[in-house]
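The values are calculated or read from the model by the stated rules, or taken from the named source; none is laboratory data. A quick note: this is a predicted structure, and the numbers were derived from the prediction, not measured. Virtual Cβ from ideal backbone geometry, glycine too; neighbours counted across all protein chains shown. We work out accessible area using only protein heavy atoms, side chains counted, and drop any ligands, DNA or RNA first. Shrake-Rupley method; radii C 1.70, N 1.55, O 1.52, S 1.80 Å.
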Amino acid sequence: MSRLNLNPELSKGDRIMCISMDDDHDSVPPGMPGTVTNVSTVFGDKQYNVNWDNGSKLALIDGVDKWITEEDFL
């Protein structure tokens with residue numbers, strides 16, 4: 001079995017899956033897929049805006065949240 005590439009760099013249009021999110025609202029459960037809509041840097045950390053398949057629009061923050069790309073979950 002191969003190792004997952006946890007928290008790879010992402011680009012607009014990438015399909016991803018949430019592994020874990022450090023958010024009080026917890027509206028993106030582990031295993032939820034989504035599509036990256038924008039990439040930015042906020043206070044030195046990469047932030048990935050995502051349209052999640054459950055309708056949420058919560059962003060992923062590098063160094064805080066965990067994700068994998070579609071290639072790792074297909």
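Can you tell me which residue among K12, K66, K46, K57 is in contact (Cβ under 8 Å) with a residue 40 or more places away in the chain and of a type in the set (K, R)?
One residue alone meets the criteria, K66.
On the stretch given as the range 42-71, residues that are under 15 Å from N7 (Cβ atoms) and either in a strand (DSSP E or B) or open to solvent by 50 Å² or more (accessible area, probe 1.4 Å) (or both) total 16. When the residues of the range 20-41 are filtered to those that are modelled with pLDDT under 95 and in contact with a Gly (Cβ under 9 Å, 6 or more places away or on another chain), the one that is nearest to L6 (Cα to Cα) is V28. Among all positions in the range 18-28, there is no residue which is among the charged types (D, E, K, R), assigned to a loop (DSSP other than H, G, I, E, B) and under 15 Å from E71 (Cα atoms).
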